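Asks: Take this structure first; my questions come after.
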Amino acid sequence: MTAKKFWSWLAVFVAVVYFILPLAATFEFSLRMRRGTYSFDAYRSVFSDERFASTFSYSVVMALITIAIGALLIVPTAYWVRLRMPYLRPVVEFVTLLPLVVPAIVIIFGYLRLYNSSSWLPLTNTDTGANALLIFGFMTMSLPYMYRAVDTAMRTIDVAVLTEAAESLGASWPTILFKCIFPNVLTGVLSGAFITFAIAVGEYTMPSLLNRPAFGPYLALIGANRAYEPPALAMIAFAMTWISIILINITTRLQKGAAGAR
Amino acid sequence: MAATQPLLNRRLITDWLGIAPFAIFAIMFLIAPTVYLVSGAFLDPNGNLTLRNLIDLFQPNILAAYVISIKISAASALGGAIIGFAIAAAISLGSLPSWVRSAMLTFCGVASNFAGVPLAFAFLATLGRLGLVTIILRDVFGFNLYATGFNLLSFLGLTLTYMYFQIPLMVLIITPALDGLKREWSEAASILGASPWQYWRMVVIPILWPSVFGTLLLLFANAFGAVATAVALTGSSLNIVPIVLFAQIRGDVLHNPNLGYAVAFGMVVITGISNFIYIWLRMRAERWQK
């Protein structure tokens, strides 16, 4: 028994060292900007760079639009498939898993070929079009997580009974969807939303190949040209990931609590 | 019969209308782009069917990129799986305090999502020429890491970096499988006189191997498709498939668009096969988790 405990603690210890060391090193490096002493100069420099604010807010806005459109697309689809077309579930699930099979770089490569300036739908010609492509790309990448989260939340409610009850009270389709279904799967939407947010804000490949002024390409640009700002940015990114995960944990706990109360 | 037919059709039409937005989205932004590239891999510039592009994948430059990509992905998946399994076993079966388990799982959730460009920065600050670990090894232990030929922008460096998100991913996926090992099984085995080794060999491994092997494939595909970390870490100095494809999309460095499609097709084939086997194995494994 003691041997088992010893090996368990050893494994945990090795893990902690492997996980903490790069973070500690990054933090230490980010403090080295002023010669001979530790300071937060690198962070000051990051926050005073106006491209930081502009690219970051651009990425946040894109992520929020992705979440809104994604929820409006996924929730009715998951609802409809459960209610009216259960025979299509395997197909829809398969499609939502495809983005795990096709890497993001391949998907965006396809966009650039299908929707370039000489194609039938020249989306890359205008800023709006390119932004739309980026949003659709983010939606595609988050599809497996968003669909799974919403579908799991929908499993705990009886869609058919809710719909019949609402219909017999004279509710229209929009009322059913937005007043009955959405509130009931909100926790699923939220946990899907945080994952989407975490994916979209830091994403490099897609915005970079679409030439969008997003946070990911900005990070890479700083990484290529500066010494002390990149570790500071890495610490900021790590803190943001941490916040997203904590929010996901809170919402899944709420979801479990709601399912248990029912 | 004639009277019910139109009714049925109307219902069918509303059914399909309800799913139309999703279908259109999926076709336009997921299926069509993939099909376009995959079919492009089998066409020559004039639009005739050919296998030339796929054969051209075996030219030394591209083949080398695939080989090093597969090596890095396999090494980081294997290393991540072994270390991740040890950690998962420790927190699941090691009778450690429960806070260790929940702290480790939360941290793994964060670390498995900590990828891309920031991860590259973190490892440059750790094992780069001026990184903390490099400096400590040099000043405290008198060991010059870079004199041994180590380079972060290499097979070993990239593998170590990828393992930072591979290990936590393994922990997150395999811990539930380990939790699914019922205590009764080990008790039953020991009552029947099995040694711990026999219990592992004849009960645990047959139950867990689909999960472990499946996750290994998932980690492999995960590393194979990772672009941002590699680009940010190495620029374009390391010849791996995602970087080749990235450069090809940027400016047709292969001087043959259809060969570019073939490179993309090769990526989809490799991540596709590993993911399909993963999903199939996971369905097998879930039989034991109910």
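The values are calculated or read from the model by the stated rules, or taken from the named source; none is laboratory data. In this text the structure is predicted, and so the values were computed from the model without any measurement. In this analysis, Cβ positions are derived from the backbone assuming ideal geometry, glycine residues included, and neighbour counts consider all displayed protein chains.
Asks: Consider residue B:156 carefully, then state whether it is surrounded by fewer than 17 Cβ atoms within 10 Å (Cβ to Cβ) and within 23 Å of residue B:234 (Cβ to Cβ).
Replies: yes
Asks: Out of B:230, B:264, I need the residue that is crowded, with 23+ Cβ neighbours inside 10 Å, modelled with pLDDT under 85 and closer than 20 Å to residue A:102 by Cβ. Which one?
Replies: None of the other options fit; the residue is B:230.
Asks: If you don't mind, there's one more thing I want to ask. Search the range B:116-130 for residues being facing chain A (nearest Cβ under 8 Å) and at pLDDT below 85, and hand back the single one that is surrounded by the most Cβ atoms within 10 Å (Cβ to Cβ).
Replies: B:116
Asks: Then there is this: Give the number of residues within the range A:118-146 that are aliphatic (A, V, I, L, M), without any contact (Cβ under 8 Å) to a residue 40 or more places away in the chain and more than 15 Å from residue B:28 (Cα to Cα).
Replies: So the count comes out to 0.
Asks: If I filter the range B:46-53 for residues that are under 21 Å from residue B:212 (Cβ atoms) and either surrounded by 11 or more Cβ atoms within 10 Å (Cβ to Cβ) or polar (S, T, N, Q) (or both), do I get at least one hit?
Replies: no
Asks: Given the residues B:112, B:69, which is the only one that is more than 8 Å from chain A (Cβ to nearest Cβ), within 22 Å of residue A:101 (Cβ to Cβ), surrounded by 13 or more Cβ atoms within 10 Å (Cβ to Cβ) and modelled with pLDDT under 85?
Replies: B:112
Asks: Considering the range B:214-242 alone, what residues qualify as being more than 10 Å from every other protein chain (Cβ to nearest Cβ) and either within 19 Å of residue B:75 (Cα to Cα) or touching a Gly at 6+ places or on another chain (Cβ under 6 Å) (or both)?
Replies: B:214, B:215, B:216, B:217, B:219, B:220, B:223, B:230, B:234, B:238, B:239, B:240
Asks: Exactly one of (1) in contact with an Asp or Glu (Cβ under 9 Å, 6 or more places away or on another chain); (2) free of Cβ contacts under 8 Å to residues at least 24 places away in the same chain; (3) within 9 Å of another protein chain (Cβ to nearest Cβ) is unmet by residue A:74. Its number?
Replies: (2)
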